1. Using just the Cα positions, wrap the chain in a convex hull and report its mean projected area in square nanometres, one decimal place.
2. Nearest-5 percent of antiparallel DSSP beta bridges in the chain?
3. So what's the angle, to the nearest 10 degrees on a 0 to 90 scale, between helix 155-168 and the longest Cα principal axis of the chain?
4. Enter the Cα centre distance for the pair the stretch 174-215 and the stretch 50-77, rounded to the nearest angstrom.
5. Hey, fewest Cβ within 10 Å first, where do W116, W202 land in order?
6. Mind checking the angle between helix 120-129 and the chain's longest principal axis? C-alpha axes, 0 to 90 degrees, to the nearest 10.
7. Among K11/K97; K99/K133; K97/K118; K29/K75; K29/K97, which pairs are too far apart, with a Cα-Cα distance over 22 Å?
8. Charges only on Cβ, +1 for Lys and Arg, -1 for Asp and Glu: so what's the dipole of the stretch 62-221 about the Cα centre, in debye to the nearest 20?
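None of the figures in this text is laboratory data; all of them are computed from the coordinates on show. Nothing here was measured: the structure is a model prediction, and the numbers come from that model. A quick note on method: Cβ atoms are made from the backbone with ideal geometry, for glycine too, and the neighbour counts reach across all protein chains shown.
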Amino acid sequence: MRAIALFSGGKDSTYSIYLAMQQGFEIEKLVTIYPKEKDSYMYHIPAIERTKYQARAMDIEQDIYKIGDNEAELKDVLSNYDVDAVISGAIASNYQKTKIEEVCTELGFLSYAPLWGKSQEMLLQDMLLADFKIMIVAVAAYGLDESFLGKIIDENILAKLMELEKKYKINVSGEGGEYETFVIDAPIFKNSLSVENYSVFWDGMRGHIDITSIAFDQKLF
């Protein structure tokens, strides 16, 4: 089945592509949305300008659009494609999933969200087991301090996130915007990425990193 994938560069959209490919979907294009609104409920913002490196690593063509959160603009974007399905990384946001499904229905596309409704802790564990390398590029929640920025999620970081979920009621997967991610390696990457330099921006409560240099590393299969 021919598909396009809504791709933000974060763990959820990347893992959704990975699962969709395992299910036999042929990903023809990555569609990346650069939101007009800084507080977008629909689209991921941190490090999105660096997604071109991930697209190159996956060897999948990418189109980038700057639109708002309304359905009409998303419909205009998706109407450019002659495919069967749209892949998205929605996990628990009814707002996001419903918007995408409504547009897909109008255009005659299947909306496929392979992560929807799954245990978010289990998804993170599955990503680690699948050798996903996931960098934290933004934090905005009590308990998530500057030290998390630039860290790769491993079993230790996952354990800390689970502790913070119990202590401060954060979402372990960052579904509420507690943190944002950027994938630097995955089984669907033909080359891994190495973040060589980045700048840290921290206001005392929240922060993000600006990736300034990325290199491609050859993978030995």
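1. Working: hull surface 45.9 nm².
Over all viewing directions, the chain projects a mean Cα-hull area of 11.5 nm².
2. 55
3. 90
4. Cα centroid of the stretch 174-215 versus Cα centroid of the stretch 50-77: 18 Å apart.
5. W202, W116
6. 90
7. Details: K11/K97 17 Å; K99/K133 29 Å; K97/K118 14 Å; K29/K75 16 Å; K29/K97 20 Å.
With Cα atoms farther than 22 Å apart: K99/K133.
8. The dipole magnitude comes to about 340 debye.
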